[in-house]
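Asks: This is the structure, below, for whatever I ask next.
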Amino acid sequence: MIHPEASSGTGIMTISREPVVFHCNHYNRFLQLVIEDCHYIDREPILVGSATEVSFRQLRAAFREHPEWSVANRLKYAESIYRFCGFGDLPLGALPHSGEPEFVLVENHSHYGAALRLNYGKRRWPGEHFDLGYAIGAISAIYGQSYGGKIDGDALSMGAETTRFHLHLCNSGDQFPLDIPDIPQAVLPQGADQVPPRHIGLHIDEDAIMTAVRTLPLTGDADGLIPAFGVYLTRHYADYYNLVSFRFERALQEALNTHRYLGEMLWYEYPTLFYYKEKFKHLQGQELARTLLIEAGHICGFSTMGGIMRSDPWYQLIVPQLQCREDWLSGIIACINALGWGVWRIQEIIPNERLILRAWYPYESLGHLRAFGQADHPIDYLMTGIGSSLMNLLYTADITTRPDLTLEFYYQVNRSKAGFWARQTRCLAMGDPYSEIVVERNIL
């Protein structure tokens, strides 16, 4: 049985010491497309390599904690983690109990496969990069040998009925992923462990809300998927998101330094950038990557947070505690604090005008400190995007009326010229004791 450990003091949730966070299919899909759609960077090391790294690290830690487990036990555990977290039904338990030069795994249901089929048109290549990375990391940890792999032919993400993974033993000189170090500890800035009590919306029982969210049956079903709040959730690796985001940011900056006109070309490859180019004329260099990563947060906030605020549990548990429109923000922040994202606090709220959010132990900053050390610019992109979407949901979309959260409505709400936009003013990864964003209406 899998029992995630959650710390109420830090908001961090772990499975076998690896931090995990809840995210939805829309965020997962958009973040992957951000990396895939840039044809000037190599997506395989970012998407597949990052998945291999975190899955291997987690499973190796679990196997060290249970040295009595047989290979059969390890195979079943790796398969159960994948299903529990909502990734799909990777049949690792059916593999032989001894290492072989080659394996074939056939997946019938995949979170990423289904999410990517929401895109317009048919994909030109398989998109189950995370699934492949997990499979490589898992069998490498289970058998204690370095494996590689690829996706054979069509895949669920391309409209096929299954996805086939061909896994093979690596050459003796290739030590990845066996040479992956243990998860390092983030060195926190002074005062970062001092989480203040709430001072807004005190009549809302945040502890009860967090307990209720954490006790919801948010685990994989018979197909290894988690349908909830009008989306499909995953209990995903925090450092998968962090490694993917920050490696993409660095790779894009290197590509921009190499290709003179790449910045202008990207405005046409990414419809999101073309829109924001009209709004923010200064978009260039690192701002391009940041804008794309923040947009993923916009989509997450609109889809997942909006879905929660439309759900029956929200109306049953939280709405009876709300006394004014602004209380919807306090209620959703209580839910966020149960997702593994850290401890969020509303510092200030001016109705229909301004929101200041602060976060202690934000998973993006923690991940940057672990993998890359101190940052030289604000990097809490998810938090920034969420903040904008929360204000747009409340005051532009009027989520209190339970509107349908369609893609067309997203464009109408989050890209309104009179909508809200967030900027990060403090960042844990830069040495501040917490991360902070300020959300205000766009200046026309």
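Asks: Just to be sure, is residue 332 hydrophobic (A, V, I, L, M, F, W, C) and over 21 Å from the mean Cα position of the chain (by Cα)?
Replies: In short, no.
Asks: Going through 299, 379, 349, 332 one at a time, which residue ends up being in contact (Cβ under 8 Å) with a residue 60 or more places away in the chain, assigned to a helix (DSSP H, G or I), of a type outside the set (Ser, Thr, Tyr) and surrounded by 18 or more Cβ atoms within 10 Å (Cβ to Cβ)?
Replies: 299
Asks: Now for a separate question. What do you reckon, is residue 55 in contact (Cβ under 8 Å) with a residue 60 or more places away in the chain, closer than 30 Å to residue 407 by Cα and open to solvent by less than 10 Å² (accessible area, probe 1.4 Å)?
Replies: Spelling it out, it is not the case that residue 55 is in contact (Cβ under 8 Å) with a residue 60 or more places away in the chain, closer than 30 Å to residue 407 by Cα and open to solvent by less than 10 Å² (accessible area, probe 1.4 Å).
Asks: Part of a helix (DSSP H, G or I) and more than 29 Å from residue 114 (Cβ to Cβ) - does that describe any residue in the stretch 212-223?
Replies: No; the residues of the stretch 212-223 include none that is part of a helix (DSSP H, G or I) and more than 29 Å from residue 114 (Cβ to Cβ).
Asks: Here are the criteria: (1) more than 26 Å from residue 291 (Cβ to Cβ); (2) at pLDDT 95 or above; (3) among the hydrophobic types (A, V, I, L, M, F, W, C). Tell me which single one residue 1 does not satisfy.
Replies: (2)
Asks: Right, next: Please verify whether residue 443 is open to solvent by 50 Å² or more (accessible area, probe 1.4 Å), modelled with pLDDT of 95 or more and more than 22 Å from the chain's Cα centre (by Cα), treating the condition exactly as stated.
Replies: Considered against the rule, which asks whether it is open to solvent by 50 Å² or more (accessible area, probe 1.4 Å), modelled with pLDDT of 95 or more and more than 22 Å from the chain's Cα centre (by Cα), residue 443 comes out as no.
Asks: Restricting to the stretch 283-334, name every residue that is farther than 27 Å from residue 226 by Cβ and not hydrophobic (A, V, I, L, M, F, W, C).
Replies: The answer is 284, 285, 286, 287, 290, 291, 323, 325, 326, 327.
Asks: So, one more: Mind telling me which of the residues 237, 232, 270 ends up being of a type in the set (Ser, Thr, Tyr) and at pLDDT below 80?
Replies: 270
Asks: Farther than 28 Å from residue 160 by Cα and open to solvent by 10 Å² or more (accessible area, probe 1.4 Å), is that true of residue 79?
Replies: No.
Asks: Would you tally the residues in the stretch 403-440 being buried (at least 17 other Cβ atoms within 10 Å of the Cβ) and either without any contact (Cβ under 8 Å) to a residue 40 or more places away in the chain or part of a strand (DSSP E or B) (or both)?
Replies: Result for the stretch 403-440: 11.
Asks: Tell me which residues, restricted to the stretch 162-175, are within 26 Å of the chain's Cα centre (by Cα) and either of a type in the set (Phe, Trp, Tyr) or open to solvent by 10 Å² or more (accessible area, probe 1.4 Å) (or both).
Replies: 162, 164, 165, listed by residue number.
Asks: Select from the stretch 148-169 the residues that are free of Cβ contacts under 8 Å to residues at least 24 places away in the same chain and under 21 Å from residue 244 (Cβ atoms) and list them in ascending order.
Replies: Listed by number, the residues that qualify are 149, 150.
Asks: Take the residues in the stretch 421-439 that are among the charged types (D, E, K, R) and at pLDDT 95 or above, then tell me which one is farthest from residue 292 (Cα to Cα).
Replies: So, considering only residues that are among the charged types (D, E, K, R) and at pLDDT 95 or above, the one farthest from residue 292 (Cα to Cα) is 432.
Asks: Please specify each residue of the stretch 28-45 satisfying the condition of being open to solvent by less than 10 Å² (accessible area, probe 1.4 Å) and among the β-branched types (Val, Ile, Thr).
Replies: 34, 35
Asks: Just give me the residues in the stretch 127-161 being outside any strand (DSSP E or B), of a type in the set (Val, Ile, Thr) and over 22 Å from the mean Cα position of the chain (by Cα), in sequence order.
Replies: The answer is 139, 142.
Asks: A follow-up question, please. Please go through the stretch 326-373 and give me each residue that is of a type in the set (Gly, Ala, Ser) and under 15 Å from residue 238 (Cβ atoms), ordered by number.
Replies: Scanning the stretch 326-373 gives 338, 340, 342, 359, 365, 367, 371.
Asks: Of 207, 193, which residue is of a type in the set (Asp, Glu), within 24 Å of residue 332 (Cβ to Cβ) and surrounded by fewer than 16 Cβ atoms within 10 Å (Cβ to Cβ)?
Replies: Within the list 207, 193, the selection yields 207.
Asks: Also, quick follow-up: Being within 11 Å of residue 242 (Cβ to Cβ) and in contact with an Asp or Glu (Cβ under 9 Å, 6 or more places away or on another chain) is the filter here; which residues of the stretch 369-404 pass it?
Replies: Hits for the stretch 369-404 are 370, 371, 379, 380, 381, 382.
Asks: Still on this model: If you check residue 176 against the conditions, is it at pLDDT below 95 and not basic (Lys, Arg)?
Replies: yes
Asks: Kindly indicate which of 384, 400 is in contact (Cβ under 8 Å) with a residue 40 or more places away in the chain and open to solvent by less than 20 Å² (accessible area, probe 1.4 Å).
Replies: 384
Asks: Let me ask something additional. Report yes if residue 172 is within 17 Å of residue 88 (Cβ to Cβ) and of a type in the set (Ser, Thr, Tyr), otherwise no.
Replies: No, not satisfied.
The values are calculated or read from the model by the stated rules, or taken from the named source; none is laboratory data. Computed from a predicted model, the values in this text were never measured in an experiment. Don't worry about glycine lacking a Cβ; one is built from the backbone with ideal geometry, like all the others, and counts go over all protein chains shown. Calculation scope for accessible area: heavy atoms of the full protein, side chains included, ligands and nucleic acids excluded. Shrake-Rupley method; radii C 1.70, N 1.55, O 1.52, S 1.80 Å.
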